[in-house]
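Engineer: Before we start, here is the structure in question, set down as structure tokens.
The values are calculated or read from the model by the stated rules, or taken from the named source; none is laboratory data. Since we're looking at a predicted model, the values are computed, not measured. Because the Cβ atoms are built from the backbone with ideal geometry, glycine has one as well, and the counts that use them run over all protein chains shown. Ligands, DNA and RNA are excluded from the accessible area calculation, which covers all protein heavy atoms including side chains. Shrake-Rupley method; radii C 1.70, N 1.55, O 1.52, S 1.80 Å.
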Amino acid sequence: MQKYKDKSLNIEERIDDLLSKMTNEEKVGQMLQVSYNTLSKEDYEKYKNLGIGSFLHVLGDEADDIKKRAEKTRLGIPPIFGIDAIHGHCLLNGATVFPSQLAMSSSFNRKLIHDMGKATAKEVAADGLDWTFSPVLCIARDLRWGRVNETFGEDSYVIGELGKAIIEGYEEDNLIIACAKHYIAYGEATGGRDAYDSEVSERKIREVFLPPFEKAAKIGCGSVMTAYGTVDSVPLNANPRMVREILKDEIGFDGFVVSDYENVLNLVTRQFIAENLKDASKLSIEAGNDMSMNTHEFYDCVSELIEDNEIDIKYIDDAVRRILRAKFRIGLFDGKKTVDRSVINCNEHKKLNHKLAQESAVLLKNDGTLPLKENKTIAVIGPNADDIRAIYGDWTYFSHPVPKENVTPMGDYYTIRRGMEEVFGKENILYSKGCDILGEENYIDDAVKIAEKADVVVCVIGDCLAQNGEYRDRADLELSGYQTELVKRLIDTKKPVIAVLVNCKPLCISYLKENCNAIIEDFNGGDFAGLAIAEMIGGKFNPSGKLTISFPRHSSQTPCYYNQYEGWHGGQYVDLEKGYVYEFGDGLSYSEFEYSNLHLSKHTIKNEEEITVSVDVTNKGNMDGKETVLMFVNDVISSVLTPTKQLKGFEKVFIKSGETVTVNLKLNIKDLAIVTRDLEYIVEKGKFEIMVGRNTKEYLKDILSVEENIKL
């Protein structure tokens with residue numbers, strides 16, 4: 001038996017043996033991923049027979065055929081199959097479509113998100129695939145950016161914690177590997193322009209954007225994807241400082257780095273950093289990228305670089321070692337675990353999806369209209385009331401890998417209309433589309449007539465896929481088309497109006513806040529979004545979602561996030577009210593939660609110490625419910641600017657009606673560190689405000705002291 005096939009040996013020994021047997025061409029082959037849907041039939045056959053390291057967007061029988069071809073190559077190195085399973089195995093019609101990352105982040109529920117990752121891994125593996133390009137660890141602060149819906153919101157700590165949860169879920173059973181992306185500061189591109197330059201310093205990267213990737217590296221995430229864009233005008237695909245030095249050498253990431261789609265080619269055709277693909281390939285590898293996604297010429301270019309001694313073979317060997325390490329970890333060489341396809345959209349996953357949809361929905365306003373009684377006649381109106389494409393959002397079989405206009409969903413799903421009919425009875429529901437999202441159609445008169453026949457109106461508005469995603473950055477965040485006119489006409493009927501937002505990103509909704517009786521934010525809630533919203537409206541469960549992203553008053557108020565600095569002259573725009581319409585942490589319940597007895601286990605903290613911050617939370621309402629307790633820190637005096645509030649902990653707890661629960665949150669000395677102007681991590685001596693509460697505005701406060709500077 002070949003040593004690399006001996007399961008009794010450790011992975012590094014097996015890799016050593018395999019590497020020693022590989023030709024340079026075989027090594028380069030491992031460093032290329034090709035996309036099934038972009039190849040000619042002839043090229044596809046060529047790459048299958050070459051034993052290429054990875055294939056993208058291959059499903060079913062095609063994957064089986066490629067595996068069989070790989071087994072017949074000289075060394076029989078198995079390929080790894082990648083798929084964009086962003087919020088479930090969504091590119092497969094009939095698989096479970098979970099809430100989008102932005103939606104699920106509102107649950108603040110690490111356990112549910114971990115379980116969602118685990119369920120997705122099973123469905124992906126059941127389809128013969130090994131690798132998901134998820135989670136997105138980008139930070140969404142400029143809402144003009146088209147990919148806001150793919151993120152966990154605006155806060156680095158939340159992104160790191162939820163990213164860690166989903167990665168552990170993906171990789172727990174060694175069925176697939178995760179891919180943390182997009183490294184780094186991709187969402188911070190100037191003007192919210194996708195794949196553009198992010199004008200951020202290394203100090204800012206270390207302070208804000210790097211921590212989620214550090215957590216991913218620490219738990220052994222299998223891969224990282226470099227971003228399309230640039231940092232301070234240097235492309236991430238050709239940036240050794242960011243990739244090789246910081247990601248790999250400094251924070252110890254031992255998985256492999258893959259470029260984004262055609263990103264080696266982009267160095268030549270879009271960013272003009274390289275004159276030709278041979279130069280671009282060299283730049284990419286030397287920077288620390290281990291695998292090139294879908295730049296097919298990469299294979300020949302790198303082979304020539306090696307043959308002409310124009311690249312150090314140590315970079316090739318390191319890249320291949322990392323790729324092989326991932327393959328060994330998930331058992332590709334040892335008869336990977338098989339998963340029966342019956343797991344795809346099974347009842348267990350549906351129950352999980354339903355629960356996550358419930359906890360992802362956010363009640364933003366309620367004047368007492370909610371919950372509704374079941375004997376009401378309800379007008380369900382709006383362009384997103386009966387549109388599953390809008391509810392799903394991006395990265396499903398509707399939109400990828402090739403957009404599909406007319407496809408019939410094979411799985412079970414709930415629009416808002418269907419959910420309302422199921423919860424309240426079809427005979428009690430009246431429906432009108434009212435208008436469309438983009439302003440091409442207007443049925444407002446019909447909608448008003450229907451509203452006048454009802455006791456209450458549920459108006460479902462928001463945005464659509466044409467306004468979100470890659471290549472779809474958006475300057476105007478107002479409700480598009482006739483939607484605002486529709487809402488105004490419905491309010492004029494004097495019937496209570498409940499606004500339900502189905503949207504991929506925060507929109508400008510000042511009018512809704514001022515005039516609607518209740519507002520529910522659902523973002524893109526997946527298969528069970530419609531049922532969960534109807535159940536919330538009917539009081540079937542107590543809402544517990546909270547925003548992980550802020551809503552601006554005006555489109556020009558972006559970037560938009562809670563943890564900004566003081567010092568702005570005037571503190572607001574002269575023509576705009578101060579603050580945001582809704583802010584990170586906002587979200588109501590049908591219960592009232594009262595905070596008391598904030599307590600620090602110590603009021604002075606030293607090096608390598610951790611304290612416990614505790615608070616009592618009492619459910620003063622009549623319903624059992626869940627409350628997310630948020631802990632913020634403020635470094636009162638610091639040598640560089642720091643936000644007046646920075647989240648450093650959260651816990652979601654279940655509290656019965658009338659009961660009090662003591663919530664304990666851990667605060668480590670490292671949570672108080674700043675990145676100095678010299679790029680050192682230091683906890684500076686002085687006072688720190690510790691704030692614990694339900695959101696950024698309502699909290700209890702105590703003081704923690706550090707007596708001397710501590711270098712970490």
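Engineer: Arg193: net charge of surrounding residues, Cβ under 10 Å, Lys/Arg +1, Asp/Glu -1, itself excluded? Don't skip to the answer; put the middle values down first.
Structural biologist: Working: positive: Arg144; negative: Asp142, Asp194, Asp197, Asp473.
Surrounding charge for Arg193 is -3.
Engineer: By what distance, in whole Å, do the Cα atoms of the chain stretch along each of the three principal axes, largest value first?
Structural biologist: Answer, in whole Å and largest first: 77, 65, 48 Å.
Engineer: Over region 199-327, how many pairs of lysines fall under 22 Å by alpha carbon, counting only those 8 or more apart in sequence or from different chains?
Structural biologist: 13
Engineer: Determine how large the accessible area of His599 is when every protein chain is in place; take a 1.4 Å probe and give Å² rounded to the nearest 10.
Structural biologist: About 100 Å², rounded to the nearest 10.
Engineer: Between region 67-105 and region 603-676, how far is it from one alpha carbon centroid to the other, in angstrom?
Structural biologist: The distance from the Cα centre of region 67-105 to that of region 603-676 comes to 37 Å.
Engineer: Next question, about the same structure. At Asp308 and Ile11, where each label point lies 7 Å from the Cα along Cα→Cβ, what is the point-to-point distance in nanometres?
Structural biologist: 3.6 nm
Engineer: About its Cα centre, how strong a charge dipole does region 1-160 have in debye, to the nearest 20, once Lys and Arg get +1 and Asp and Glu get -1 at the Cβ? Walk me through the numbers on the way to the answer.
Structural biologist: Numbers: 21 positive and 24 negative charges, 42 e Å.
Around 200 debye, computed over region 1-160.
Engineer: Quick check of the Kirkwood formula: for region 640-712, what is the inverse mean of 1/r over all pairs of different Cα atoms, in Å? Before the final figure, lay out each step's value.
Structural biologist: Working: mean 1/r = 0.0693 Å⁻¹.
Result for region 640-712 stands at 14.4 Å.
Engineer: Full extension from Glu708 to Lys453: what is 0.36 nm times the residue separation minus their Cα-Cα distance, to one decimal in nm? List each step's numbers first, then the result.
Structural biologist: Values: separation 255, 0.36 × 255 = 91.80 nm, distance 6.96 nm.
Contour length minus the Cα-Cα distance gives 84.8 nm.
Engineer: To the nearest 10 square angstrom, what accessible area does Lys697 show with a 1.4 Å probe?
Structural biologist: Only protein atoms counted, so the area is about 120 Å².
Engineer: OK, next. When DSSP beta bridges are limited to those with both residues in region 376-534, what percentage is antiparallel, rounded to the nearest 5?
Structural biologist: Values: 1 of 20 bridges.
So the antiparallel bridges in region 376-534 amount to around 5 percent.
Engineer: Here's a follow-up. Is region 269-356 rounded, prolate or oblate when judged by the Cα gyration tensor, a ≥ b ≥ c being the square roots of its eigenvalues, rounded requiring a/c under 1.5 and prolate requiring a/b larger than b/c?
Structural biologist: Prolate is the answer for region 269-356, as a/c is 1.5 or above and a/b outweighs b/c.
Engineer: I need the per residue convex hull volume for region 508-642, using only the alpha carbons, in cubic angstrom as a whole number.
Structural biologist: Details: hull volume 25.4 nm³, N = 135.
Per-residue hull volume (Cα only) is 189 Å³.
Engineer: Translational diffusion coefficient of region 433-569 at 10 °C, 1.306 mPa s, Stokes-Einstein with Kirkwood Rh over Cα pairs, in µm²/s as a whole number.
Structural biologist: Details: Rh = 16.4 Å.
Using the Kirkwood radius from Cα pairs, D works out to 97 µm²/s.
Engineer: Could you tell me which residue out of Gly419, Gln646, Ala121 lies farthest along the dipole of the chain toward its positive end? Charges go on the beta carbon: Lys and Arg +1, Asp and Glu -1, centred on the Cα centre.
Structural biologist: Gly419
Engineer: Quick check on my link table: of Lys118/Lys648; Lys376/Lys626; Lys122/Lys513, which ones sit more than 30 Å apart, alpha carbon to alpha carbon? Each step should come with its number before you reach the end.
Structural biologist: On the way: Lys118/Lys648 26 Å; Lys376/Lys626 27 Å; Lys122/Lys513 41 Å.
Correct reply: Lys122/Lys513.
Engineer: Need one number: nm distance between label points at Lys351 and Gln2, each 7 Å from Cα along Cα→Cβ, rounded to one decimal.
Structural biologist: Using points 7 Å along Cα→Cβ, the separation is 4.4 nm.
Engineer: May I pose another question? Mind listing which GluC sites (Glu not before Pro) in region 525-591 are in a DSSP loop and have 10 or fewer other Cβ atoms within 10 Å? Write down the numbers at each step before the final one.
Structural biologist: Details: sites: Glu535, Glu566, Glu577, Glu583; in loops: Glu566, Glu577, Glu583.
For GluC sites (Glu not before Pro) across region 525-591 that sit outside H, G, I, E and B with at most 10 neighbouring Cβ atoms in 10 Å, the list reads Glu566.
Engineer: On the full set of protein chains, 1.4 Å probe, figure out the accessible area of Leu265 and give it in Å² to the nearest 10.
Structural biologist: 50 Å²
Engineer: Region 520-576: which trypsin sites (Lys or Arg not before Pro) are DSSP loop and have at most 15 other beta-carbon atoms within 10 angstrom?
Structural biologist: Working: sites: Lys540, Lys546, Arg553; in loops: Lys540, Lys546, Arg553.
In loop regions of region 520-576 (DSSP not H, G, I, E or B), the sparsely surrounded trypsin sites (Lys or Arg not before Pro) are Lys540.
Engineer: Okay, next question. Could you work out the pair-distance distribution P(r) of region 322-428 from its alpha-carbon pairs, with 5 angstrom bin width and percents rounded to whole numbers?
Structural biologist: 2, 8, 11, 16, 16, 14, 11, 8, 4, 4, 3, 2, 0
Engineer: Sticking with this one: Roughly how many Å is it from the Cα centre of region 371-448 to that of region 449-479, as a whole number?
Structural biologist: 11 Å
Engineer: Relative contact order of region 1-152, please, whole-number percent, based on alpha carbon pairs below 8 angstrom and at least 6 residues apart.
Structural biologist: Values: 191 pairs, mean separation 27.4, N = 152.
18 percent.
Engineer: Just to be sure I understand: of the beta bridges DSSP finds with both ends in the chain, what percent are antiparallel, rounded to 5? Before the final figure, lay out each step's value.
Structural biologist: Details: 51 of 92 bridges.
So the antiparallel bridges in the chain amount to around 55 percent.
Engineer: For the pair Ser638 and Glu422, what calculated FRET efficiency results from E = 1/(1 + (r/R0)^6), where r is the Cβ-Cβ distance and R0 = 56 Å, to the nearest 0.05?
Structural biologist: Values: r = 54 Å, r/R0 = 0.96.
With R0 = 56 Å, the Cβ-Cβ based efficiency is 0.55.
Engineer: Mind giving me the FRET efficiency for Asp476 and Lys404? R0 is 22 Å, r the Cβ-Cβ distance, nearest 0.05 is fine.
Structural biologist: Working: r = 27 Å, r/R0 = 1.24.
Calculated value: 0.20.
Engineer: Residue-wise, which Karplus ³J(HN,Hα) couplings in Hz belong to region 349-360, taking 6.51 cos²θ - 1.76 cosθ + 1.60, θ = phi - 60°, and x for glycine or proline?
Structural biologist: Listing the rounded values in order: 6, 5, 5, 4, 4, 4, 5, 5, 4, 4, 7, 8 Hz.
Engineer: Further, regarding this structure: Rounded to a whole number of µm²/s, how large is the Stokes-Einstein D of region 229-278 at 25 °C and 0.890 mPa s, given Rh as the Kirkwood radius over C-alpha pairs?
Structural biologist: The estimated diffusion coefficient comes to 211 µm²/s.
Engineer: Here's another thing I want to ask about it. Could you name the aspartates and glutamates in cross-link range of Lys495, using Cα to Cα under 12 Å and dropping any fewer than eight places away on the same chain?
Structural biologist: Straight-line reach from Lys495, under 12 Å: Glu452, Asp455.
Engineer: Near Ile344, within a Cβ-to-Cβ distance under 13 Å, what is the net charge of the other residues, with Lys and Arg +1 and Asp and Glu -1? Working shown, then result.
Structural biologist: Details: positive: Lys122, Arg341, Lys350; negative: Glu123, Asp127, Asp340, Glu348, Asp412, Asp527.
Residues near Ile344 contribute -3 overall.
Engineer: Counting other Cβ atoms within 10 Å of each Cβ, which trypsin sites (Lys or Arg not before Pro) in region 1-109 have at most 10 and sit in a DSSP loop? Display every interim value, and only then the final one.
Structural biologist: Values: sites: Lys3, Lys5, Lys7, Arg14, Lys21, Lys27, Lys41, Lys46, Lys48, Lys67, Lys68, Arg69, Lys72, Arg74; in loops: Lys7, Lys72, Arg74.
Counting only loop positions with at most 10 other Cβ atoms within 10 Å, the trypsin sites (Lys or Arg not before Pro) in region 1-109 are Lys72, Arg74.
Engineer: If I model a spin label at Lys685 and Thr612 as a point 7 Å from the Cα along the Cα→Cβ vector, what separation in nanometres do I get?
Structural biologist: 3.0 nm
Engineer: Now for a different question. Report, in listed order, any pair from Lys3/Lys67; Lys5/Lys350; Lys67/Lys355 with a Cα-Cα distance greater than 27 Å. Each step should come with its number before you reach the end.
Structural biologist: Working: Lys3/Lys67 21 Å; Lys5/Lys350 39 Å; Lys67/Lys355 37 Å.
Violating the 27 Å Cα-Cα cut-off are Lys5/Lys350; Lys67/Lys355.
Engineer: Please report how far the C-alpha centroid of region 285-350 lies from that of region 197-230, rounded to the nearest whole angstrom.
Structural biologist: Each part's Cα centre sits 20 Å from the other's.
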